[in-house]
Amino acid sequence: MTALRPDAATPLCVAALYRFARFEACADLRGPLEQLCRALGVRGTILLASEGINGTIAGTAAAIDQVLDHIRALPDCAGLEVKFSSAAAMPFHRMKVRLKREIVTMGEPAIDPRTHAGIYVAPEAWNALISDPETLVIDTRNDYEVALGTFKGAINPKTESFREFPDWFRRQRDTLLGPGKPRKIAMFCTGGIRCEKATAFLRREGVDEVYHLQGGILKYLETTAAAESLWQGECFVFDQRVAIGHGLTQGSHGLCFACRRPLSEAATHSTLYEPGVSCPACHAERTEAQRAAYRERHRQEALATAQGRAHVGAMPRQERAK
């Protein structure tokens with residue numbers, strides 16, 4: 001059963017899930033899983049690879065329970081990591097189950113989090129660990145995510161994608177670790193998957209005492225009282241809610257539907273902001289031809305809304321990482 005039961009105001013259950021497992025024939029798992037989700041009215045994205053499963057889905061609590069039961073019955077998935085939250089409206093347009101080389105892209109094929117991940121730290125023990133002056137705290141998320149919020153004192157690698165993390169660490173290793181006794185390293189991410197893989201990478205690089213936040217920021221925000229929290233700001237999530245705060249409540253940020261980056265209230269007053277077309281973060285990254293295409297897509301979406309029908313435009317792709 002889901003740990004969170006939606007209410008009348010937020011009737012949909014959102015489940016962020018992952019599990020590093022060994023799938024010998026993950027292509028065979030795709031069809032039955034996608035068919036079940038569609039039959040139950042569940043939407044979202046699930047990634048399958050030989051190293052496991054990763055995704056976020058939404059639906060009724062009963063439907064999510066059935067999908068999770070199906071996933072937990074897959075090879076080595078009984079210990080599936082799941083974070084629950086609720087939503088007032090369906091946060092996804094469609095249901096997709098995709099086959100990938102990695103369930104979170106790092107580009108280091110020798111890494112195996114199943115056997116070499118660091119030490120799990122429960123949310124209730126996290127504050128003590130990162131408050132220790134001997135602990136180096138690293139945020140493994142992308143720069144645009146860190147900009148919304150992070151843990152007090154955490155290092156921001158300023159990466160644009162998780163694939164850049166290994167090179168960043170190798171370049172900064174001497175500066176980060178310094179001479180003498182190796183420091184403890186604690187890492188975190190949205191749901192736990194990136195920091196779990198990052199700890200396996202650091203252990204392969206010869207760093208022994210490495211920790212990661214079990215369940216990620218989502219579990220911490222769900223279980224830690226705001227008065228006791230060392231989290232500052234909001235947490236970006238990869239769906240239409242955009243960002244959440246303590247208690248997994250809706251955050252204050254919107255979304256730029258051109259680049260899929262978070263959008264603050266101040267950004268909407270910029271001369272570079274045009275709904276559905278551009279924002280201050282992406283305006284210089286797009287050509288006028290691209291903005292014209294986005295403008296037409298936005299017009300078609302507005303027309304569909306006025307006519308009471310759904311419109312699913314082709315949005316720019318963004319790395320899914322929990």
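Answer yes or no as to whether Tyr211 is in a helix (DSSP H, G or I), in the same structural domain as Arg183 (by TED's automatic domain parsing) and of a type in the set (Ser, Thr, Tyr). Steps first, answer last, please.
On the way: in a helix (DSSP H, G or I): no; in the same structural domain as Arg183 (by TED's automatic domain parsing): yes; of a type in the set (Ser, Thr, Tyr): yes.
Judged against the criteria, Tyr211 is not a match.
Kindly evaluate Leu263 against the criterion of being of a type in the set (A, V, I, L, M), farther than 19 Å from Ala58 by Cα and in contact with a Gly (Cβ under 6 Å, 6 or more places away or on another chain). It is true that Leu263 is of a type in the set (A, V, I, L, M), farther than 19 Å from Ala58 by Cα and in contact with a Gly (Cβ under 6 Å, 6 or more places away or on another chain).
Looking across Phe201, Phe238, one residue alone is part of a helix (DSSP H, G or I) and buried (at least 21 other Cβ atoms within 10 Å of the Cβ). It is Phe201.
Is it the case that region 40-49 has a residue that's farther than 21 Å from Gly215 by Cα, modelled with pLDDT of 95 or more and either touching a Ser or Thr at 6+ places or on another chain (Cβ under 6 Å) or not in a loop (DSSP other than H, G, I, E, B) (or both)? Yes, that holds for at least one residue.
Every listed requirement among (1) surrounded by 15 or more Cβ atoms within 10 Å (Cβ to Cβ); (2) at pLDDT 95 or above is met by Ala15 save one, (2).
The requirement of being surrounded by 17 or more Cβ atoms within 10 Å (Cβ to Cβ) and in contact with a Gly (Cβ under 6 Å, 6 or more places away or on another chain) is fulfilled somewhere in region 87-94, by at least one residue.
From the list Arg163, Arg94, Arg114, which residue is closer than 14 Å to Ala198 by Cα, touching a strand residue (DSSP E or B) at 6+ places or on another chain (Cβ under 8 Å), in contact (Cβ under 8 Å) with a residue 40 or more places away in the chain and of a type in the set (Lys, Arg)? Explain how you work it out, then say what you get.
Working: Arg163 fails: touching a strand residue (DSSP E or B) at 6+ places or on another chain (Cβ under 8 Å); Arg94 fails: closer than 14 Å to Ala198 by Cα.
Result of the check over Arg163, Arg94, Arg114: Arg114.
Determine which member of the set Ile119, Ile155 is free of Cβ contacts under 8 Å to residues at least 40 places away in the same chain, surrounded by fewer than 21 Cβ atoms within 10 Å (Cβ to Cβ) and in contact with an Asp or Glu (Cβ under 9 Å, 6 or more places away or on another chain). Talk me through it step by step, then tell me what you get.
Details: Ile119 fails: free of Cβ contacts under 8 Å to residues at least 40 places away in the same chain.
Answer to the check: Ile155.
The values are calculated or read from the model by the stated rules, or taken from the named source; none is laboratory data. Being a predicted model, the structure only gives us computed values, none of them experimental. Neighbour counts are summed over all protein chains in view; Cβ atoms, including those assigned to glycine, are modelled from backbone coordinates with ideal geometry.
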